[in-house]
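The values are calculated or read from the model by the stated rules, or taken from the named source; none is laboratory data. None of the values given here were measured: they were computed from a predicted structure. Cβ atoms come from the backbone with ideal geometry, glycine included; neighbour counts cover every protein chain shown. What goes into the accessible areas is simple: the full protein's heavy atoms, side chains included, and nothing from ligands, DNA or RNA. Shrake-Rupley method; radii C 1.70, N 1.55, O 1.52, S 1.80 Å.
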Amino acid sequence: MEHTKRMRDVRSLTLDDIKAVLADLNQPAFRAKQIYEWIFSKNVCSFDEMTNVPKTLRDELSQRFTFGVPTEIVKQVSRDGSRKYLLEFPDGTSVETVGMPSRNKLSVCVSTQAGCAMGCVFCATGFNGLARSLSAQEIVDQVHHVARDFGERVTSVVFMGQGEPFANFDNTVTALRMLNDPEGVNIGARHLTVSTCGVIPGIKRFAELPEQFTLAISLHSAIQSTRNKLMPGVRKYTLQRLHETLQTYVEKTGRRPSYEFAMIDGINDTTPEMDALIDFCAGTLCHVNLIQLNDTPGSLLKPSPVHKIETLQRRLTMHGVETTIRNSRGNDIDAACGQLKQKRVYLS
Ligand code: SAH
Ligand code: SF4
């Protein structure tokens, strides 16, 4: 076992590295490209799946390299067909991933960090703080895992699992590019969405990217004092600066950001809160997603009643703000952010 741990992940090799390894093993050069394709286009997770590679060579490679893919610790299947996984990386760190099928589409929700340092009070991920950031490969591995489990091509990915993507900016962008790469997973940039709690330097850098990736902002309140209480980790990135940054983002990219608004009973569903949200959005390019808060065990925060959510949607629409009420997928399997992992902590 010790021995396995020290072996190098074959997916960290470049094509040139593979060529060098094969030359070392006195193998013909064309094998390098074959093996490279198995790893990076066909996304196999063992040497045995490389059926056009001789068994002796596969055995030799498996003596030298490993596939550092995550292990599935828990899988829950929802009545609506979505599947939630707890995946563990070779170092014992685990994260949550969700696969959400609909007709001929398959959407995946990935984590960018194990845990999160932002401490939003409504979010189960925030409760235990940050364990560590994930590498780009670890983010992409979650997508491969879901694709394999469903036996289907993934058509979109949302970076809305555990963690704050812009607190792990470089790896997030590398993962986006690996997913977008026509030679790799080949998902269109517009079908790759990153959600941030409002880390302004990250939004500015994101605006500079040449790709048409989609941006979602977790807003949750357009009143500063409420937002400070709900999302203490982003107090310093004020709503005013956030608004300015988003207008610059829209001017620069021509893309429409979406705002996530999880409705919490008595907290952000009051008339002044609705007025402030309308002020924040009206006349700007944006799309608002209203979500009923997911009940988190042990939390004093409760979901808003449906009629309030409908009222807010009606009011936003009247002011020309496009608004969708989103159903939280997989409610019955605790698919809300961080809840599967949280439950394991409770049970252990
Ligand atoms: N850290 C990033 C992305 C991960 S959180 C962010 O905050 O945007 C993904 C989404 O789930 C965010 O919009 C977050 O605010 C939301 N969320 C977290 N806990 C929730 C809950 N209990 N109910 C509804 N939405 C929740
Ligand atoms: Fe972190 Fe996002 Fe949860 Fe806030 S909502 S604690 S930023 S994962």
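Things to note:
- Relative to the Cα centre, the charge distribution of the range 32-177, modelled as +1 at Lys and Arg Cβ and -1 at Asp and Glu Cβ, gives a dipole magnitude of about 420 debye.
- Rounded to the nearest 5, the antiparallel percentage of DSSP beta bridges internal to the chain is 45%.
- Surface composition of the chain: carbon and sulfur atoms hold 51% of the protein heavy-atom accessible area at a 1.4 Å probe.
- When only the Cβ of Lys, Arg, Asp and Glu is charged (+1, +1, -1, -1), the dipole of the range 2-66 relative to its Cα centre reaches about 40 debye.
- Local charge for LEU192 was computed over the other residues whose Cβ lies under 13 Å away, with Lys and Arg +1 and Asp and Glu -1, and equals +1.
- In Å², nearest 10: area of CYS286 left accessible to a 1.4 Å probe: 10 Å²
- In this structure, the pairs whose alpha-carbon distance is over 22 Å, taken from LYS229/LYS302; LYS75/LYS302; LYS204/LYS252, are LYS75/LYS302.
- Prolate/oblate/rounded call for the range 2-66, Cα gyration tensor, a/c under 1.5 rounded: rounded
- Between ASP170 and HIS287, the simple spin-label model (points 7 angstrom out along Cα→Cβ) gives 3.2 nm.
- Here r is the Cβ-Cβ distance between ASN327 and HIS243 and R0 is 35 Å; the resulting FRET efficiency, rounded to 0.05, is 0.80.
- Distance between the range 206-256 and the range 301-326 - C-alpha centres, whole angstrom: 20 Å
- Each Cα pair under 8 Å and six or more residues apart adds its separation to the average, and for the range 71-333 the resulting relative contact order is 15 percent.
- Highest to lowest packing among 296-302, 33-39, 167-173, scored as the average C-beta count within 10 Å: 167-173, 33-39, 296-302
- Helices in the chain, meaning DSSP H runs of at least 4 residues, each add -39500 (n - 2.57). Divided by all residues, the mean residue ellipticity at 222 nm is -11000 deg cm²/dmol.
- The relative contact order of the range 1-130 comes to 14 percent, based on Cα pairs under 8 Å that sit 6 or more residues apart.
- Potential lengthening between ARG64 and ASN104 on full extension [0.36 nm per residue; Cα-Cα distance subtracted]: 10.4 nm
- In the full protein context, the range 71-333 carries 42 Å² of accessible surface per residue, based on a 1.4 Å probe and ignoring ligands, DNA and RNA.
- Local charge for ASN104 was computed over the other residues whose Cβ lies under 10 Å away, with Lys and Arg +1 and Asp and Glu -1, and equals +2.
- Seen against the Cα atoms of the chain and their longest principal axis, helix 271-281 is set at about 60 degrees.
- These residues, LEU290, LEU285, go from largest to smallest accessible area, 1.4 Å probe, as LEU285, LEU290.
- At full extension, ALA29 and PHE150 could sit 40.1 nm farther apart than now, given 0.36 nm per residue minus the alpha carbon distance.
- In plain terms, the chain from ASP275 to ASP9 could stretch by 90.5 nm, reckoned as 0.36 nm per residue minus the Cα-Cα distance.
- A simple count of charges around SER304, restricted to other residues whose Cβ falls under 9 Å of its Cβ and scoring Lys, Arg +1 and Asp, Glu -1, yields 0.
- Packing-based ranking, highest mean first, of 18-30, 248-260 given that Cβ atoms within 10 Å are counted: 248-260, 18-30
- Binned Cα-Cα distance frequencies in the chain - 10 Å width, integer %: 5, 24, 31, 23, 10, 5, 2, 0
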